[in-house]
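Reviewing the structure listed below.
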Amino acid sequence: MRIVAITNQKGGVGKTTTSVNLSACLAQMGVRCLLIDLDSQGNATSGLGLAKEEGGSIYSALVEGTDPHEVIRSTRMPHLSVIRSHQELAGCEIELAQRGNHLTRLREVLDQLRHSNHFDYIFLDCPPSLGVLMTSALAAADEMLVPIQCEYFGLEGLSSIVQVVQQIRDCGVNPNLLLEGIVMTMYDQRANLANQVVNDVKSYFAEVIYNTIIPRTIRLGEAPSFGKSIIEYEPNGRGSQAYRALAEEFLARRATK
Ligand code: ADP
Ligand code: MG
């Protein structure tokens, strides 16, 4: 089992969209996925059609010590499960920080899931800030996957992510954390700037950049309001094709490593 943090401290870059649709596409291929919604806004939870306030959450597991297996919920898709977020998650950053074990608390919770071996991948949909939850996600993860938006300011912040990875490795909390990949999202082929950004990122991060580029499509933006992943909402559209290609590339990269 591998734990993959989907992360970028910028908001609105496609973290949640990628978390939901990558895990849905992998699940459709028969890969057993668990998506953990670490953002107090709960967009991944509602984007998969689950009520935000129903049942236990990752907050219960982190703060109240509930067995994480008890808060796993199934979705309409056979191989896709979710642990929902909780509004209180935002406040829990402070609570966790005061406890002193904030960096490792999420890892302890995930270790319990690691041992039961119900999943091939756990994806962590991270909140848009370099706070306690995001750093604990990086402390717990085997790999990180970074979506960036294909626009000029998309590159901003990328260097601070690289720095944070280095710090997490160096401080000994998670020496093996791997920057597995960068995915370019919301690509608009009509915008010259988008092409330039793609080329820049490809030259700086040739090793880790995904070949698959996620286009900006109206349907990808709409699907969450229907509580559906893109493969349920528009199975044969461009958004579905792109996220399926991403899922295939995600698996293919492992096969060759
Ligand atoms: P983040 O989780 O990084 O904050 P989101 O995945 O929530 O970003 O995306 C931000 C907004 O952009 C959301 O409203 C989402 O539906 C929309 N969006 C994300 N990716 C696409 C895309 N490829 N095409 C169109 N809209 C998108
Ligand atoms: Mg999000």
ask   = What residue, of L220, L193, is within 23 Å of L158 (Cβ to Cβ) and within 14 Å of ligand 1 (Cβ to nearest atom)?
value = L220
request  = Would you mind stating whether S46 is within 12 Å of ligand 1 (Cβ to nearest atom) and part of a helix (DSSP H, G or I)?
outcome  = yes
query = Can you pull out the residues in the range 141-153 that are more than 14 Å from I214 (Cα to Cα) and over 13 Å from the mean Cα position of the chain (by Cα)?
reply = Y152, F153
key: All positions within the range 175-204 that are surrounded by fewer than 19 Cβ atoms within 10 Å (Cβ to Cβ) and either under 28 Å from R107 (Cα atoms) or among the charged types (D, E, K, R) (or both)   = P175, N176, L178, L179, D188, R190, D200, K202
task = Hey, can you tell me all the residues within the range 14-38 that are within 11 Å of ligand 2 (Cβ to nearest atom) and either among the hydrophobic types (A, V, I, L, M, F, W, C) or modelled with pLDDT under 95 (or both)?
result = V20, L38
query = Would you say R32 is under 13 Å from the mean Cα position of the chain (by Cα), over 13 Å from P147 (Cα atoms), more than 16 Å from ligand 1 (Cβ to nearest atom) and touching a residue at least 60 places away in the same chain (Cβ under 8 Å)?
reply = no
inquiry  = Anything in the range 86-122 that is of a type in the set (S, T, Y), under 14 Å from C33 (Cα atoms) and surrounded by 14 or more Cβ atoms within 10 Å (Cβ to Cβ)? List them, or say none.
reply    = Y121
ask   = Can we say E143 is acidic (D, E), closer than 30 Å to V197 by Cα and surrounded by fewer than 20 Cβ atoms within 10 Å (Cβ to Cβ)?
value = yes
query = Which residues, counting only those in the range 2-13, are near ligand 1 (Cβ under 7 Å from one of its atoms) and either among the aliphatic types (A, V, I, L, M) or at pLDDT 95 or above (or both)?
reply = V13
key: Filtered residue count, the range 206-240, keeping only those that are under 19 Å from the mean Cα position of the chain (by Cα), of a type in the set (A, V, I, L, M, F, W, C) and farther than 28 Å from L178 by Cβ   = 1
remark   = Condition set surrounded by fewer than 24 Cβ atoms within 10 Å (Cβ to Cβ) and touching a residue at least 40 places away in the same chain (Cβ under 8 Å), scope the range 40-67, selection farthest from ligand 2 (Cβ to nearest atom): answer is D67
key: Scan of the range 118-139 for residues that are modelled with pLDDT under 95 and among the hydroxyl-bearing types (S, T, Y), ordered by number   = S129, T135, S136
key: Unmet criterion (only one of (1) exposed (fewer than 14 other Cβ atoms within 10 Å of the Cβ); (2) in contact with a strand residue (DSSP E or B) (Cβ under 6 Å, 6 or more places away or on another chain)) for E207   = (2)
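The values are calculated or read from the model by the stated rules, or taken from the named source; none is laboratory data. A quick note: this is a predicted structure, and the numbers were derived from the prediction, not measured. Every residue, glycine as well, gets a Cβ built from its backbone with ideal geometry; the counts of neighbours run over all protein chains shown.
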